[in-house]
Amino acid sequence: MEPATEGPSLRLGLRANWPQFALLIVVNVFVGALVGVERAVLPLLAESDFALASRAAILSFIGSFGLAKASANLAAGALSDRLGRKPVLLAGWLIGLPVPVLVMVAPSWDWVVLANVLLGLNQGLCWSLTVVMKVDLAGAARRGLAMGLNEAAGYGAVAASAFAAAALAQTFGTRPYPFVLALGFAAAGLVLSALVVRETRPYAHHEAGLQPDLPASKPDFREVFLLTSWRNRVLFAVSQAGLVNNLNDGMAWGLLPLFFAEKGLDLVAVGALAAVYPAVWGLGQLLTGALSDLVGRKGPVVAGMWLQAAAIAGLVIGRGEGPWALAMGLLGAGTALVYPTLLAAVSDVARPAWRASAVGVYRLWRDTGYAVGAVLAGVLADLLGVPWAIGGVAALTFLSGLVALVWMRETLPAGSRTLRRC
C-alpha cells in the first residue's frame, strides 16, 4: 500500500480508517505478546537458572526494562513528529528481535538485564507508535474507544502469552522454549509492520488543519516536557497517576510470581494467576475506553487507582488461589479503568501539532514507574518481607488516587459526552 498523503481526501474516524486501525491492533498484539512471555517466567528463571536470592537483584531486570522503555517513550513522540510514525515503529521491532535470543543463550544474569534494556526500547518505541498512530486515525470523538481497543489488544496478548510461556516452562523448562515463542512474535511484528502498515502522520496534520483557531506555533520540546510534567496541573495529575500505576505493575510483575511460588503453587498455577491480571486489564479496556468518552476522564482515573489499591491490599490479606484470583481480577479492573483514560486525557489536552510529543513525555513518567517500583519493592521485600512490600505499594496507589481527585479537572468537554458515530 502507498503511504497516505495530506489533503481533503483524508477522513478521521474509526469507521473511515478501520482496515488500517485493525492492522495496528494486530501489530500491538505482537508487541504485548513479546513482553508477556517474560511476566510469568523471568522471576522464576532468576532463581532456577541463576540462583539469585536477593529480591532487589531479581527485580533488576524490571528496573532496566522500565528505564529503557521510559527513555524510548520520550524519544518516540519527538522522533515520530520529526521523521514519521512508521520508521520509528520499524526501529523498535529491529531492536526487539535479539531479545529472546539473548535470554535463551544467557550465561549470566547480566545478559538477561541487557536483554531487558533492548526489550524496554522495543516496547517504548513500538507501543508508543501504535498509540500515536491510532490517535492519528481516530480523531477526537472516539479517542477513548481507540485507546481502549489498543490497550485491550496489547494486554490481552500479554495475558495469553504469559500463560502459554508458563505452560511451556512447566513442561519443557524455563529455557529455551518459552523464548522461541517470543522470537516468533518479534519476527511476525517486524514483517507485518514493514510490509503492510502505512504512515499516519498526515492524519495529524489534517486534524490540525480542521482547527484553524489553534495557535499556529508549536511549542519546543522543552516546553512540551515542562507542560506535561508539571506546569499543566491536569497533565501533572495524569503523569503521576501513570507513574504509580506502573509502579504497582512492576511490583506485580516481579514479586507476585515469587509470592505465589513461596505459597507452594506450581508453575502452571503461578502462570494462571499472573495471567488473570492482564487478561481482565486487557478485556476491560474494551469497555472502559468507551466509557470515558461518555462519562469523562477524571472519575474513572480516581476510581481505578483506588480499586487497584484495594486489590493489592487484598493479595496480602487473602489466603488461597480463589481470593488471590479475585484480587488479581480486581487489580486488572482498576488498571483497565485508568490506562486508556489517562492516554485519552493527555490527547484531550495536547494540541495535534505537539500531541505525539506530549504522549511521549507522559509515557516517560508512566514507565519510569517500572524502575521505581522494582527498586522500591525489591528493597522493601529484602528488608521487611514480600507482604510488607506489597502493602507499601497499595498505600502509594491510594495516595496517587487522592492526588488525581484534588488536582485533575475534567478534560472531556460536556458536549462530547454522548455516543458518537465512528
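The values are calculated or read from the model by the stated rules, or taken from the named source; none is laboratory data. Please read these numbers as outputs of a predicted model, since none were measured by experiment. All Cβ positions, even for glycine, are placed from backbone atoms using ideal geometry, and neighbour counts span all protein chains on display.
Look at region 349-360: where a residue is of a type in the set (Ser, Thr, Tyr) and modelled with pLDDT under 85 and a partner is crowded, with 22+ Cβ neighbours inside 10 Å and not in a loop (DSSP other than H, G, I, E, B), sitting 6+ places away or on another chain with Cβ atoms under 6 Å, you get 357/77; 357/81; 357/224. Cβ-Cβ contacts under 9 Å between residues 6 or more apart (or on different chains), taken from a first residue in region 173-186 that is within 15 Å of residue 163 (Cβ to Cβ) and part of a helix (DSSP H, G or I) to a second residue that is of a type in the set (Asp, Glu) and modelled with pLDDT of 95 or more, are absent. Within region 128-138, not a single residue is over 21 Å from the mean Cα position of the chain (by Cα) and not hydrophobic (A, V, I, L, M, F, W, C). Regarding region 332-343, can at least one residue be identified that is buried (at least 24 other Cβ atoms within 10 Å of the Cβ), in contact with a Leu (Cβ under 8 Å, 6 or more places away or on another chain) and free of Cβ contacts under 8 Å to residues at least 40 places away in the same chain? Within region 332-343, one or more residues are buried (at least 24 other Cβ atoms within 10 Å of the Cβ), in contact with a Leu (Cβ under 8 Å, 6 or more places away or on another chain) and free of Cβ contacts under 8 Å to residues at least 40 places away in the same chain. Restricted to region 270-314, and to residues there that are among the charged types (D, E, K, R) and assigned to a helix (DSSP H, G or I), the residue that is surrounded by the fewest Cβ atoms within 10 Å (Cβ to Cβ) is 298.
Each residue in region 266-321 was checked for being without any contact (Cβ under 8 Å) to a residue 12 or more places away in the chain and closer than 23 Å to residue 346 by Cβ, and 1 of them qualify. Being hydroxyl-bearing (Ser, Thr, Tyr), modelled with pLDDT under 95, more than 24 Å from residue 185 (Cα to Cα) and out of contact with any helix residue (DSSP H, G or I) (no Cβ under 9 Å at 6 or more places or on another chain) holds for only one residue in 54, 9, and it is 9. Quick check: is even one residue across region 139-158 among the aliphatic types (A, V, I, L, M), farther than 24 Å from residue 191 by Cβ and modelled with pLDDT of 85 or more? Looking for residues that are among the aliphatic types (A, V, I, L, M), farther than 24 Å from residue 191 by Cβ and modelled with pLDDT of 85 or more, one finds none in region 139-158, hence no. Each residue in region 369-398 was checked for being closer than 17 Å to residue 57 by Cα and not aliphatic (A, V, I, L, M), and 5 of them qualify.
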